[in-house]
Amino acid sequence: MVYPEECDIIFRVKGVVEFSCQLENPNSPQSQSIISKSFQLLQWKLSSKNVVFSICKSPVILWPNVSFQSSMESLTGASACGDVLQYIESDDCGGRKSSKKKDKKRSEPTVVNIKLLFEVTNPTGTEAPSLIQVGTQQHSVKMPMPLDCIVSVTADVSLLTSLFREG
């Protein structure tokens, strides 16, 4: 596998987002607009305050869209990306990895797996369920969309500028 020259850590974010929309007629000209609006809703959901990153094999939880919040007090927005490695459990003997023990001669970057989660902060209301009768036939599109992306960084770059940059 080919890695960028200046890459010490690869953050791999994986998760599933739910795509859904209602189409009255899948062949109508307005169907494209409805599908486009559904994708915009997905984009809004990913930039909402409810997005949470869970660093796999560690107790670290990050909230990327709420200034900078972390479950570990020692991790701040100014912390280097390499500081995350000290909280990840090692596969070898069940101990913890330390960024100081990192082998400087290795050429492959460290892969840090991150799960994309959504925080449910508002309790559901106590309203009764309602039934709605629709007079026309509709097509319902609902499918899980896997998300799998990477961010490659050097170990000394801050978490705030690497993982949480907008754009």
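Okay, here's what the table says:
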| quantity | calculated |
| --- | --- |
| Among (1) closer than 30 Å to THR136 by Cβ; (2) modelled with pLDDT under 90; (3) surrounded by 12 or more Cβ atoms within 10 Å (Cβ to Cβ); (4) not β-branched (Val, Ile, Thr), the one test that PRO26 misses | (3) |
| Checking ILE10 against (1) surrounded by 15 or more Cβ atoms within 10 Å (Cβ to Cβ); (2) modelled with pLDDT under 90; (3) not aromatic (Phe, Trp, Tyr), the condition it does not meet | (2) |
| Scope segment 55-88; condition exposed (fewer than 14 other Cβ atoms within 10 Å of the Cβ) and farther than 20 Å from LEU117 by Cα; matching residues | GLU73, SER74, ALA78 |
| Count of segment 9-44 residues which are touching a strand residue (DSSP E or B) at 6+ places or on another chain (Cβ under 7 Å) and under 30 Å from VAL157 (Cβ atoms) | 10 |
| Residues of segment 109-152 classified as in a loop (DSSP other than H, G, I, E, B) and modelled with pLDDT of 85 or more, total | 1 |
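The values are calculated or read from the model by the stated rules, or taken from the named source; none is laboratory data. Bear in mind the structure is a predicted one, so any value in this text is a computation, not a measurement. In this analysis, Cβ positions are derived from the backbone assuming ideal geometry, glycine residues included, and neighbour counts consider all displayed protein chains.
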